[in-house]
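Structure first, then comments.
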Amino acid sequence: MSTEKNVVTITELTRQIKQSLETNFPRMWVEGEISNFKHHTSGHLYFTLKDEGAQLSAVMWRSRVANLTFSPEDGMKVVARGSITVYPPRGNYQIDIEQIQPVGIGELQLAFERLKKKLAAEGLFDSTYKKPIPEFPDRIGIVTSETGAALQDIRSVLSRRQPSVDVILAPVRVQGAGAAEEIAEAIEQMNRYGGIDVLIVGRGGGSLEDLWAFNEERVARAIYASKIPIVSAVGHEIDFSIADFVADLRAPTPSAAAELVVRDRMELLEDIGNLCYTMRGAIDTQMASFHERVASLLTSYSFNRPRDLVREFSQRVDEIDRSLGVSFNHIIRTAHQRYNSLRHQLQALNPKGVLKRGYSIVRKEGRIVSSASLLHFGDGAEIQFHDGTIGVQVEKGK
Amino acid sequence: MAAKKTNKNLLEHSLKRLEEIVESLEQGDVPLDDAVDFYEEGIRIAKECAEKLKSTELRIKKLSKGIEGQFTLNESDEE
């Protein structure tokens, strides 16, 4: 039995432990799996970090939580940097975490967030740089693996919806080392080749690592620099890739991208049919309205006025004709009378008429002899009677 | 590329024209002679579009880059 009892208070002991631990375990990195994760209403995070053999309480204060680039959750493997502290009221020790990162995918995730932030700050995602997707592309460029499901999906959608388009494939590796460079170069080559109306860049679904090439800066910059509108089609319905943010249009899958770039020909044919139908209807309506207008014109007062005028005119003509006939007859009669009277007068003056009454004309050598003194004994002369002429000779002179 | 009738030329312009025609016909302020011309043009355009849309085989070509930096198109061998 000890005679000297060295008694210390709990508080004192805890204080010594606290001092000892906090001095001997300064800031360090630890690795473990998260469990019992609680996001307290105060904004602080409380959870346990554990591995196969042990566990460690952990706390992350609200001020540091703001810098987190991911959402910690139960079961997640993380590396955390912090220092050991003791919490006297509960007599336990814990790690006061300053920084925490997921292990494995965590690195990629961080890189993703960093690049996203950087490119966003540069304006690569701005909607003002988004190019419109042409409504009726003639040549569709595809940057994807020649052997992947994405190409098959795109092909089958295009075959069904709009087989009249030309498809130009730039085969690339879509995962693994060098994939990002190949994708970026293919985009640049498509631009240099020209004549491509829209570009689908993507691949089928996969793990975050599989899709990684589409989160690379090289690819993002090539998409941004492209003069050809780009539809991204990285086969992951939920998560966005960096390529999705930079692309002019994001499609959740390669099939969806194909749907987005071409109009369905059946729908188009139907549209055209409807337009023709509407056009036919419009022209029929117009024709009917013209018919109606013509019909109403035909019966209108104004239109019938000319016919009335014609009738009036013909009546007047008849009248004129009648009165003209009357005048004309009068003129004829008068003229006839004058003619007759003149004829009589003329007859009276006719020398032949005088001859008939017993006078005769004497001519000597064809000239009328108007005086006895012109004829001498022995002269020949002609005497004209009304019924003939005889030759004579003067027998006795005066 | 020769001046072949592309989808872009044909479908985009033709559909736009067809819509214009339908619109002006529907407004009914087009003289009858013009309206008939419009209608005939519309029917012709619709036929051309339908022809174009009826081609049935999707053609896939592969873009490859030669040593000199020029581009060539090959039929895709994967069917």
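The values are calculated or read from the model by the stated rules, or taken from the named source; none is laboratory data. These numbers come from a predicted model, not from an experiment. Reconstructed Cβ throughout: ideal geometry from the backbone, glycine too, with neighbour counts over all protein chains shown.
Do we find a residue being of a type outside the set (A, V, I, L, M), within 14 Å of A:ARG81 (Cα to Cα), touching a Gly at 6+ places or on another chain (Cβ under 9 Å) and in a strand (DSSP E or B) anywhere in segment A:4-27?
Within segment A:4-27 (the criterion being of a type outside the set (A, V, I, L, M), within 14 Å of A:ARG81 (Cα to Cα), touching a Gly at 6+ places or on another chain (Cβ under 9 Å) and in a strand (DSSP E or B)), the answer is no, since none of the residues qualifies.
What's the total number of residues in segment A:161-182 that are farther than 17 Å from B:LEU63 by Cα, assigned to a loop (DSSP other than H, G, I, E, B) and of a type in the set (A, V, I, L, M, F, W, C)?
1
Please find, within segment A:196-218, the residue that is nearest to the other protein chains (Cβ to nearest Cβ) out of those that are of a type outside the set (D, E, K, R) and in contact with a strand residue (DSSP E or B) (Cβ under 6 Å, 6 or more places away or on another chain).
My answer is A:ILE196.
What number of residues within segment A:274-289 satisfy the criterion of being closer than 16 Å to B:TYR39 by Cα and at the interface with chain B (Cβ under 8 Å from one of its Cβ atoms)?
Residues in segment A:274-289 being closer than 16 Å to B:TYR39 by Cα and at the interface with chain B (Cβ under 8 Å from one of its Cβ atoms): 10 in total.
Cβ contacts < 9 Å: first residue more than 7 Å from chain B (Cβ to nearest Cβ), restricted to segment A:157-174; second residue among the aliphatic types (A, V, I, L, M) and assigned to a loop (DSSP other than H, G, I, E, B), any location; separation 6+ or different chain. Result?
These pairs meet every condition: A:VAL157/A:VAL262; A:ARG161/A:VAL262; A:GLN162/A:VAL262; A:GLN162/B:LEU58; A:VAL174/A:LEU211.
If I ask for residues that are more than 31 Å from the chain's Cα centre (by Cα) and over 13 Å from A:ALA251 (Cβ atoms), which ones from segment A:185-209 would you list?
A:GLU185, A:GLY206, A:SER207, A:LEU208, A:GLU209
Scan segment A:263-312 for residues that are farther than 26 Å from A:SER164 by Cα and not in a helix (DSSP H, G or I) and report the count.
Qualifying residue count for the region: 1.
If you scan segment A:227-260, which residues turn out to be over 21 Å from the mean Cα position of the chain (by Cα) and of a type in the set (D, E, K, R)?
If the condition is that a residue be over 21 Å from the mean Cα position of the chain (by Cα) and of a type in the set (D, E, K, R), then A:GLU237, A:ASP239, A:ASP244, A:ARG250 are the ones that fit.
Quick check, is A:GLU52 within 60 Å of the chain's Cα centre (by Cα) and either of a type in the set (Val, Ile, Thr) or exposed (fewer than 15 other Cβ atoms within 10 Å of the Cβ) (or both)?
no
Considering only segment A:100-127, state which residues are part of a helix (DSSP H, G or I) and either over 13 Å from A:PHE245 (Cα atoms) or within 14 Å of chain B (Cβ to nearest Cβ) (or both).
Answer for segment A:100-127, where residues must be part of a helix (DSSP H, G or I) and either over 13 Å from A:PHE245 (Cα atoms) or within 14 Å of chain B (Cβ to nearest Cβ) (or both): A:ILE105, A:GLY106, A:GLU107, A:LEU108, A:GLN109, A:LEU110, A:ALA111, A:ARG114.
Look through A:ALA233, A:ALA256 and report the one residue that is out of contact with any helix residue (DSSP H, G or I) (no Cβ under 8 Å at 6 or more places or on another chain), over 18 Å from A:ASP126 (Cα atoms) and at pLDDT 90 or above.
Just one listed residue meets the conditions, A:ALA256.
Specify which of the listed residues (B:VAL30, B:VAL36) is at pLDDT below 80 and more than 7 Å from every other protein chain (Cβ to nearest Cβ).
Every option except B:VAL30 fails the conditions.
Using the structure shown, decide if A:GLU146 is part of a helix (DSSP H, G or I), surrounded by fewer than 19 Cβ atoms within 10 Å (Cβ to Cβ) and of a type outside the set (Ser, Thr, Tyr).
Against the criterion (part of a helix (DSSP H, G or I), surrounded by fewer than 19 Cβ atoms within 10 Å (Cβ to Cβ) and of a type outside the set (Ser, Thr, Tyr)), A:GLU146 does not qualify.
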